[in-house]
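One structure below.
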Amino acid sequence: MSARARELFGLLPVSLLVAAGFAAVLATRTEDVSDATLTYGAVFLGLCVLAHLFIRARLPEADPYMFPLAALLAAVGLVLIYRIDAELAREQAQWFVVGLIFFCGTILLIRDHHVLERYRYLIAAASIALLVLPRLPGIGAQVNGAFLAIKLGPIQFQPAEFAKLGIIVFLASYLRETGDILVRPRLRPLPGTSQLLLYGVPAALTLLAILVFDLGAAGSVLLIVFVASLVAVLRERPSPKHFGPLLLVWGLAMLMLIVIRDLGSSLMFFGGFLALLYVATGRLSLIGVGATMFFGGSFFLARNVSHVQERVDIWLDPFKPAVVDDEGYQIAQSLFAQADGGLFGRGFGEALIEFGGTPIIPAAHTDLIYAVLVNEAGLFGAAGVIGAYLLFAFRGFKTAMLANDGFSKLLATGLTAVLALQVFVIVGGVTRVIPLTGVTMPFVSYGGSSIVANMVLLALLLIVSDHARAEGIRRGGLV
Amino acid sequence: MNAQIRQLYGLFALLFAVLVGFTSYWAVVDAEGLEDNPDNRRALIEEQTIPRGLIYARDGRTVLARNRAVRRGGTRIFVREYPRGGQFSHPVGYSFIRNGQRSLELSRNDDLVGEEDEFQSILSGLEDRAREGKDVITNLDVGGTDAAVAGLAGRKGSVVAIEPQTGKVRVMVSVPEYDPNLIPSNSRQIFSDPNQPDLNRSTQERYAPGSTFKVVTATAALDSGKVSPESIIDGSSPKEISGVPLENSGGQSFGAISFTDALTNSVNTVFAQVGEDIGRGTLVEYMRRFGFYEDPELDYPGEQMVPSGIINADGDFVEDGFDVGRVAIGQGGEEGQIQTTPMQMALVASAIANDGRLMRPRLTDSIVRKDGRVAERIQPDLQSQVMKPETAEQLAGMMSRVVEEGTGTAAALSGIQVAGKTGTAEVGSAAQFTQPWFIAFAPVEDPQLAVAVTVEQQPSGSQGGTVAAPIAADVIEAVLGG
């Protein structure tokens, strides 16, 4: 079976899900059954088939599973949003159309993704500008204390969603070039005395610091990993080139924390960077230094930036009487909604979203859409969606592994990693693994910027995939 | 690079497993804990969309709690209304989305919202029947409650009346009361009122029982065979008890006196001696049989009940080391002071009235479906055999004398023979107040009602016989006469 045939078959379960989902929601709303609602599903499927035909024409060898997986996730999102508010679902469907236009546009415009390398500094500058945009007076909009959105007339827009693409493109290109410098041959072992000096002294100092400053368990682990990684890096007598990009991106991430005040998107960007750095250099010590610097910086900011601190406090105890009806309401209600769902959920259309004008699941269509999913589809439904993301990530990384050149590998890895990280940040926030922040759940959450940006991300992945697999076939290898 | 990419994929697989793990924790493992979280109002909200069962007085007609349908947003919900205002606030309580639930509204919530087991809910799903609450018929007597409220006349205190053979609670009045209809708007004010109108003094407040506790001492003494009603004991005053002289009320000296006469005249020195004779172990054992040291076994929320017992200066329950002579007359000291709820004293009277058999107290008579079928009838349930029937008979005779010619004559009724015991505890830092008590049951030959009455912080000189006994008489007359 050809790749494209597999893709078309992959859309079959999506159509089943759309039909079943809408039917279930409709069944619970006996009052306002209308034919219009069912046509949503039909139109959605029609669009997917059109996109499939487009891929068939332009990217015949691209990975056959990623598009159906994205369509599946979008279908889940559409059903959930429709169930929350039919009007929002109509808007979301429109955004899906816009997303598909961008998807096709990207594929038409970028026939070879290597052209992106040429514009990498322009792309980087544009991305950083996009990130700072929400802080500009007049167009910036603060949501829940974070600066993630801008308002242009009636349209609200989340620039970070697009910035993440640009930054990944830049990092992939930059690290392809400088990554080689960072990779160094193994060094000979040092003589005994120097070894004692190099390892013993930092170890003693670290122990002393832990005892003197009375660091907690988390702080101690952080410090130990940091010192160990730093020693490993320093042992290789580094040039400033080693630390240049690392410090730069770390500074950028910290700045983002301060500027847009959002722990979640900072984690997403910096995590994406570390993933790329690791893939480019294969050196865990660099990652150790970077990760500990990020967490150390976050701890510091958590103590000193009130908005971040508040988020962390709520994360640690959302049921405190002082916050449970206030700042902690969202996460507390998220957990209550999940508890209400149980193993199999209450069924589509059955969750309690709002009552008498008071939201029972606040921001149900965006931040907490995963809580709605658990409530209605249960642990099994939610695990299915997480599984779909994992499969998507698998296909994304597979694409990276099949690719032939460094840039393609890094680009596919970065795009996949940043999407997977975004899933972890929002779902982790909703399930209280990490503090809850306001990033969207890719393809599922309501939001035009999110849908459009992620469709572009998908297009880029498919372009890389098409090139890699076409090359593989030319060489006569099996794909 | 491919090795690193593979590792990266492994890391994400791990991270996603963590997500599924946490989801499992909230949705399944800890679901029950989250559902019981008081900040979780989901169940309450869903319950508001189904008509909640009504709560009736014992007559099955007087409505104590009903629903008013209102539209909020697009949904029709039911808001609770309490037509009798504050009169039944303590036994019935309230149920509101924002404020939660209290009293019977809480302890009978599953019935009131029509909670069904798995099998039944499948059946009603097949029949396409909308879920509806079941009505609760209480044992509460409107006339008795009226009489108790009128008798207390605004003074802080409590009246509890129980049907001895069945444990049915006929009256549970605590003054001050609160108007449950005002809870949604004025809860903060009600809950912070220094007079504590939200405190159910019948089950949540402990008082020194004074001489009413002599009935418990007498039960232990008679039932264990230490004394008989005819035993002659020295009632002179003062008398050294635990090394400290103890006086009778007014310093009166009675000389050699029968045990019956000692109860009739509430002679402290006799009961203190008897207490010392029977000892702490026996006294505590009989207290336990009466239900002391445990919450009353009432169909009422546990957080709205406290146990009665002997409590030391640190506030801990003790079963040993206390001055048994003084506890025996309803007092005590640093090492242990007897403290009881009005509900507990009503149970004492009830057990004596029912041949020594203590029945579990019950606010609920039955649970009735909307179509009139009885879903559940609460059957009388023996809690403990406190004493031999002969002992109960002896006590009944002795307590009749109290009302006929002793300290409790104010409780006498024409046509109904009442048995009772007065109590007057001195309270306040300088004993400037009294806590009058009266426990009683009637009619003596075939007891239908056991009552406990107490009034808080009365001016010095107020006696159980003059303040509390008339209220008990009114309640008995209202419940039995009607």
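The values are calculated or read from the model by the stated rules, or taken from the named source; none is laboratory data. Not measured: the values here are computed from a predicted model. Positions of Cβ are backbone-derived with ideal geometry, glycine not excepted, and every protein chain shown enters the neighbour counts.
Taken together, A:THR431, A:THR416 contain a single residue that is under 21 Å from A:GLY342 (Cα atoms), in contact (Cβ under 8 Å) with a residue 12 or more places away in the chain and of a type in the set (S, T, N, Q), which is A:THR431.
Against the conditions (1) more than 9 Å from chain B (Cβ to nearest Cβ); (2) touching a strand residue (DSSP E or B) at 6+ places or on another chain (Cβ under 6 Å), A:ILE361 satisfies every one except (2). Check A:LEU436, A:LEU368, A:LEU379 and return the single one that is under 19 Å from B:ALA27 (Cα atoms) and either at the interface with another protein chain (Cβ under 10 Å from one of its Cβ atoms) or touching a strand residue (DSSP E or B) at 6+ places or on another chain (Cβ under 6 Å) (or both). Sole residue among the options that is under 19 Å from B:ALA27 (Cα atoms) and either at the interface with another protein chain (Cβ under 10 Å from one of its Cβ atoms) or touching a strand residue (DSSP E or B) at 6+ places or on another chain (Cβ under 6 Å) (or both): A:LEU379.
Any residue that is surrounded by fewer than 24 Cβ atoms within 10 Å (Cβ to Cβ) and not hydrophobic (A, V, I, L, M, F, W, C) - is there at least one of those in region A:392-400? Looking for residues that are surrounded by fewer than 24 Cβ atoms within 10 Å (Cβ to Cβ) and not hydrophobic (A, V, I, L, M, F, W, C), one finds at least one in region A:392-400, hence yes.
Could you say which residue among B:GLN189, B:GLN196 is over 21 Å from B:LEU106 (Cα atoms) and of a type outside the set (Asp, Glu)?
Result of the check over B:GLN189, B:GLN196: B:GLN189.
For the residues B:GLY21, B:GLY93, B:GLY86, the requirement of being away from every other protein chain (no Cβ under 14 Å), surrounded by fewer than 21 Cβ atoms within 10 Å (Cβ to Cβ) and either touching a residue at least 40 places away in the same chain (Cβ under 8 Å) or more than 23 Å from the chain's Cα centre (by Cα) (or both) singles out B:GLY86.
Residues in region B:24-66 that are basic (Lys, Arg), within 26 Å of B:ARG369 (Cβ to Cβ) and facing chain A (nearest Cβ under 9 Å): B:ARG42 alone. Going by the conditions given, is B:GLN383 touching an Asp or Glu at 6+ places or on another chain (Cβ under 7 Å), surrounded by fewer than 24 Cβ atoms within 10 Å (Cβ to Cβ) and among the polar types (S, T, N, Q)? For B:GLN383, the condition - touching an Asp or Glu at 6+ places or on another chain (Cβ under 7 Å), surrounded by fewer than 24 Cβ atoms within 10 Å (Cβ to Cβ) and among the polar types (S, T, N, Q) - is met. The residue pairs whose first member lies in region A:72-86 and is β-branched (Val, Ile, Thr), whose second member is in a loop (DSSP other than H, G, I, E, B) and modelled with pLDDT of 85 or more, and whose beta carbons are closer than 9 Å, counting only pairs six or more residues apart or on different chains, are A:VAL76/A:PHE443; A:VAL76/A:VAL444; A:ILE81/A:VAL444; A:ILE81/A:SER445; A:ILE81/A:TYR446; A:ILE84/A:TYR446.
Residues in region B:24-59 that are in contact with a Phe, Trp or Tyr (Cβ under 7 Å, 6 or more places away or on another chain) and without any contact (Cβ under 8 Å) to a residue 24 or more places away in the chain: B:LEU34, B:ASN37, B:ASP39, B:ASN40, B:ARG42.
Considered as a group, the residues in region A:407-433 that are more than 8 Å from every other protein chain (Cβ to nearest Cβ) and small (Gly, Ala, Ser) include one that is surrounded by the fewest Cβ atoms within 10 Å (Cβ to Cβ), and that residue is A:SER408. Filter region B:285-314 for residues that are in a loop (DSSP other than H, G, I, E, B) and within 24 Å of B:ASP111 (Cβ to Cβ) and give the result. Selection gives B:ASP295, B:PRO296, B:GLU297, B:LEU298, B:ASP299, B:TYR300, B:PRO301, B:MET305.
Answer yes or no as to whether B:ALA410 is buried (at least 16 other Cβ atoms within 10 Å of the Cβ), out of contact with any strand residue (DSSP E or B) (no Cβ under 6 Å at 6 or more places or on another chain) and within 15 Å of B:ASP474 (Cβ to Cβ). I'd like the intermediate steps shown before the answer.
Details: buried (at least 16 other Cβ atoms within 10 Å of the Cβ): yes; out of contact with any strand residue (DSSP E or B) (no Cβ under 6 Å at 6 or more places or on another chain): yes; within 15 Å of B:ASP474 (Cβ to Cβ): yes.
Criteria met by B:ALA410.
Evaluation of A:PHE394 against the conditions (1) under 23 Å from A:SER334 (Cβ atoms); (2) without any contact (Cβ under 8 Å) to a residue 40 or more places away in the chain; (3) among the hydrophobic types (A, V, I, L, M, F, W, C) shows that the sole unmet condition is (1). Say we look at region A:259-268 and pick out the residues that are in a helix (DSSP H, G or I) and surrounded by 24 or more Cβ atoms within 10 Å (Cβ to Cβ); which of these is nearest to the chain's Cα centre (by Cα)? Top of the filtered list is A:MET268. Of the residues making up region A:273-298, those that are within 11 Å of chain B (Cβ to nearest Cβ) and either of a type in the set (Val, Ile, Thr) or closer than 14 Å to A:LEU410 by Cα (or both) number 10.
Return the only residue of B:ILE471, B:ILE416, B:ILE439 being under 23 Å from B:ARG289 (Cβ atoms) and either among the hydrophobic types (A, V, I, L, M, F, W, C) or not assigned by TED's automatic domain parsing to the domain that holds B:GLN331 (or both).
On inspection, the qualifying residue turns out to be B:ILE439.
Would you call B:THR260 farther than 30 Å from B:ARG108 by Cα, in contact (Cβ under 8 Å) with a residue 60 or more places away in the chain and buried (at least 20 other Cβ atoms within 10 Å of the Cβ)? Answer is yes for this residue. Here the condition is being modelled with pLDDT under 90 and touching a Lys or Arg at 6+ places or on another chain (Cβ under 7 Å); of A:ILE360, A:ILE434, it holds for A:ILE360 alone.
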